[in-house]
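The values are calculated or read from the model by the stated rules, or taken from the named source; none is laboratory data. Every value quoted in this text rests on a predicted model; they were computed, and no experiment measured them. Heads up, the Cβs are rebuilt from the backbone with ideal geometry, glycines too, and the neighbour counts pull from every protein chain shown. Areas reflect the complete protein model, heavy atoms only, side chains present, ligands, DNA and RNA absent. Shrake-Rupley method; radii C 1.70, N 1.55, O 1.52, S 1.80 Å.
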Amino acid sequence: MKKKFIIFLVLVLFSFSLNAQPWQQNDDMFNSSGVPSLPFSQPRFADLDGDGDQDMILGNLNDVPVYIENLGTPTNPIFAPGFEIFTGISPLDAEMGVCADLDNDGDLDFITGGYTGLNFFENIGTMYLPIFQKVSGFFAGLNAGQNPVPDLADVDDDNDLDMVVGFSEDGGVKIYLNTGTPESAQFSESNIIIIGDVGLYAYPVFCDLDDDGDQDIVVGRDVYGFIYYQNNGTPQSGIWVVDEYIFIGLGSDTYWNSPDLVDLNGDGTFDLIYGTAEGPLHYYENNGTSSTPSWLENTTLFGGVLDVGGASNPFFYDFDGDGDYDMVSGSQMGDIIYFENVGTAYAPAWEENNSYFASIDHSIYSAITLGDVNNNGLPDAIVGDLSGHFYFHRNTGFNYVFESDVLSFVALGGWSDPRLVDMDNDNDMDIVAGNENGNLFYFENQGTPSVPDWVEVAGYFGSIDVGADCAPTVGDLTMNDNLDVVTGDLFHEVQFFENIEGTWTENPYPVSGISGGQNATPALVDLDNDGDLDLALGNYDGTFNYYENLHIIVDIDPEQPQINSYKLSNFPNPFKQSTTISFYGTTCLLRQLADTPLQAESPEIKIYNIKGQLVRELRPIFPLPDHSISVTWDGRDGAGKEVSSGFYFYKLSVNGETKAVEKCLLVR
C-alpha cells in the first residue's frame, strides 16, 4: 500500500506557520455573473476607463460603491469587478454615486449621496484611469439631507450640467439648475424645479427615454414599481408629467428599486437596470422603440447570484443523489431555499428549486441540516430558528412532514443552528448546534441508525464561547482523521477548534485570512472534488462566499500522477477568439508520449458552460520543447458553432480520471 502525505502550498518563507491553511477566495462559485449582490443596490453606468463601453458603479448599503468593469463590448457587455478606483472615499460620503464631467475638463468626476449629504469628488486622474479627490463644501447651502440620490444632465439647454436629487426622508424629487458655467458649476436652493413626491426614498435618474431631445426622469422608491416623469416641454423649458404606463408591472415584486437607463446592448434604445433592497440586479431590454418601449427581462447578464434575501446559512448534501453536492439554506424570513447543483462534482452550477421544502416554515432566521436519521435512504431535515428550538421534518419521499414530538425538549435560548454529523463514529447521526449566545452544544444519538434518541451531553465542547450567534460546521479540515469544528459569529469572524486528547482547543492558523460577513455561517464541503474541504460562508446579507482550499495531496511514488501538479491554465484569459490551454504532465506521461505515443496515457480537455453542460472535447498535442502539453480552443462547440460570451470551465482528464479544473472567460 502506498503511503500518502500532505504538503502545503507555501506562499511566504519560513515565518509562515505550517499549520496555516492556504485559502483562495473565489466567490464566482456562487455568482457566475461576476457581479456581486449587495444590499440596497444602486447601479449607475458610465465609461470609466475610456474604452467606449458602459462600466457600472454599484452603490450599496455596506460600503463605498463598487467599480464593475465592462470587459465586453458596447453591444455585448460582460461585467467583472475592476480596480478599486473608489479607495479612499468614505462610506459616509458615498452610499451611491454617479459620474459626470462636472468641471468640463474631459474626464468623469464622481458625484455622490451618502450619510453626509451630497459630495463632489473631482477626477484628478485621466479619462482612462480616474483618481477621485474630494472637494469639500462644493454643495454647501443645499438642503439635501442624509442619503440623497443625485443625477446630472443639461435640462435647460445651456451647455452645463444641472442636477436632479431624490430625497430620503420625504420622497421629494427636485432639480437644481446650474447657475454657474460648464467649468464652474453652482447650485442653490433659489434656483430649483419641484418635480414631485414619490413617497419615501426617491431614486431619480435622467434619461431621454422617448428620444425627443429633452430629459425625462425615472424614479425608483421604497415601495414597488417606478414613477416616470415624461418631459412634454422643450429642451430649454421642461414640463414633467407622470406617465403611468411605460413601466407598468416592472419592479412589482421588489422594494427600494433604484434604476438606471442605458443602452447596454447597442440597439439604439435605452434598457432598464435596477437594484433592490435584497441586492440582485434586474435587467430589462427594450425590444420596442423609443416611443413605444417593450420590456423583456434578460436573466443572463446579471444572473447567477445566489441570494436568499437575508441571513443565508448553507448546508451541503447530495439531495438528488446524482453524485454532486447540492446546497440548502435557511433565510431571514424563515423559508428554506434549495439550490440544485445542475453542474458537476468538479464545476458546480446552481438552480433554485424550493418546491420540495415548501412545507417547512417556522420563525425567522432559519437554519437547516439534512441527514438520513432513520436509515431509509431519504434525507430528513432538522430546522432551527430564532426561537432556539429544533423542528424535525421527516422525509416521506414526496415532501416533508413536521413531527412535533421529536426534539421538542431542545431550547437553546435563541437562534438555534443545528448540524447533523456522526461525531462519535458509531454510524448514526448526532447533532452539533450553536446558539445566539455564542455557545456550542452536542446532542449524542444514543439510539440506533434507524431509531434515533438524541441526548444532550453537557460540557462536551468545554467552555467554547464565540461571543454571539455561533454557527458551527464539522469536518476533518486538517486531514488527520479527526473531526474539527469551524464556527462563525456575529462579528464577521471564523474560528477553528480541534479536539486534542479530549479537549477542544482553538487554533487560529487553519482559518487565518478568512473573514466573513456579519453573522458568518460556515459550511465545510469539497466543492471542487479535489479531496480536501473547502469553505462556504453565508452572511446577514443573504449571499455566499467561497474559499477554495489549496492543500495539495501528493503521492510519494514518482510514477504516480500528482493531483494538482499539472499546472493547468489558459492564455490569454479573458480571450476573444481563441485561447491556448496548457498543462505539464508527469514524468511517466511525458516519457510515454515521447517513446510510445500509441500506448501512452490519453490526456483530454473537456469544456463546460456555467450550467455544467459539456460544450467541447479537445485532444492536446504532444509535448512542446518546454515539456508543456497544449491545445487551442477556438470558442466553438462540438458542432463548430460559436458559443456565447461568458465563463467556461475546462477539465483535464487522463485515462478518464480528472486531474484539474480551471475557469476561463470568453469575451466576444
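Mind checking which strands (runs of 3 or more DSSP E) fall wholly inside the range 199-280 and carry at least 2 residues that are open to solvent by 60 Å² or more (accessible area, probe 1.4 Å) and out of contact with any helix residue (DSSP H, G or I) (no Cβ under 7 Å at 6 or more places or on another chain)?
The qualifying strands (runs of 3 or more DSSP E) are 240-243.
Can you tell me how many residues in the range 126-154 are assigned to a loop (DSSP other than H, G, I, E, B) and of a type in the set (A, V, I, L, M, F, W, C)?
The number of residues fulfilling the criteria is 9.
Looking only at the range 281-303, how many residues end up being part of a loop (DSSP other than H, G, I, E, B) and open to solvent by less than 40 Å² (accessible area, probe 1.4 Å)?
Looking only at that region, the number is 8.
Is there any pair linking a residue in the range 109-121 that is without any contact (Cβ under 8 Å) to a residue 24 or more places away in the chain to one that is part of a strand (DSSP E or B) and of a type outside the set (D, E, K, R), with Cβ under 6 Å and at least six apart or on different chains, and which?
Hits for this filter: 109/123; 120/111.
Mind counting the residues in the range 644-668 that are more than 24 Å from the chain's Cα centre (by Cα) and aliphatic (A, V, I, L, M)?
Residues meeting the conditions: 2.
Quick check on my filter: what residues within the range 385-399 are aromatic (Phe, Trp, Tyr) and crowded, with 21+ Cβ neighbours inside 10 Å?
Once the filter is applied, which keeps residues that are aromatic (Phe, Trp, Tyr) and crowded, with 21+ Cβ neighbours inside 10 Å, the range 385-399 yields 390, 391, 392.
From the list 413, 434, exactly one residue is modelled with pLDDT under 95, of a type outside the set (D, E, K, R) and out of contact with any helix residue (DSSP H, G or I) (no Cβ under 9 Å at 6 or more places or on another chain). Which is it?
On inspection, the qualifying residue turns out to be 413.
Anything in the range 408-462 that is open to solvent by 10 Å² or more (accessible area, probe 1.4 Å), in a loop (DSSP other than H, G, I, E, B), within 16 Å of residue 383 (Cα to Cα) and not acidic (Asp, Glu)? List them, or say none.
Of everything in the range 408-462, those that are open to solvent by 10 Å² or more (accessible area, probe 1.4 Å), in a loop (DSSP other than H, G, I, E, B), within 16 Å of residue 383 (Cα to Cα) and not acidic (Asp, Glu) turn out to be 408, 409, 411, 412, 413, 415, 429.
List, please: which pairs have Cβ atoms under 7 Å, are six or more places apart or on different chains, and start with a residue in the range 246-264 that is on the phi > 0 side of the Ramachandran plot and touching a residue at least 24 places away in the same chain (Cβ under 8 Å) and end with one that is open to solvent by 40 Å² or more (accessible area, probe 1.4 Å) and not in a strand (DSSP E or B)?
What qualifies is 251/224; 256/40; 256/201.
Restricting to the range 355-373, give me the number of residues that are surrounded by 18 or more Cβ atoms within 10 Å (Cβ to Cβ) and either in contact with a Gly (Cβ under 8 Å, 6 or more places away or on another chain) or within 17 Å of residue 451 (Cβ to Cβ) (or both).
7
Touching a strand residue (DSSP E or B) at 6+ places or on another chain (Cβ under 6 Å), more than 25 Å from residue 48 (Cα to Cα) and open to solvent by 30 Å² or more (accessible area, probe 1.4 Å): which single residue out of 124, 194 fits that description?
Every option except 194 fails the conditions.
Pick from the range 493-507 the residues that are open to solvent by 70 Å² or more (accessible area, probe 1.4 Å) and either without any contact (Cβ under 8 Å) to a residue 40 or more places away in the chain or aliphatic (A, V, I, L, M) (or both): which of them is nearest to residue 315 (Cα to Cα)?
Looking at the filtered set, the residue picked out is 493.
Among the residues of the range 323-354, write down those that are of a type in the set (A, V, I, L, M, F, W, C), buried (at least 18 other Cβ atoms within 10 Å of the Cβ) and assigned to a loop (DSSP other than H, G, I, E, B).
Residues satisfying the conditions are 336, 342, 345, 347, 349.
Where in the range 474-542 are there strands (runs of 3 or more DSSP E), lying fully within it, with 2 or more residues that are more than 16 Å from residue 439 (Cα to Cα)?
Qualifying strands (runs of 3 or more DSSP E): 494-500, 521-525, 534-538.
Restricting to the range 508-520, name every residue that is in contact (Cβ under 8 Å) with a residue 60 or more places away in the chain and touching an Asp or Glu at 6+ places or on another chain (Cβ under 8 Å).
510, 519
Suppose we filter the range 155-176 for residues that are assigned to a loop (DSSP other than H, G, I, E, B), more than 35 Å from the chain's Cα centre (by Cα) and over 14 Å from residue 240 (Cβ atoms); how many remain?
5
Can you tell which of 510, 522, 472 is touching a Lys or Arg at 6+ places or on another chain (Cβ under 8 Å), buried (at least 19 other Cβ atoms within 10 Å of the Cβ) and modelled with pLDDT of 90 or more?
472
Are any residues in the range 393-408 farther than 21 Å from residue 470 by Cβ and among the hydrophobic types (A, V, I, L, M, F, W, C), and if so, which ones?
Result: 398, 401, 402, 406.
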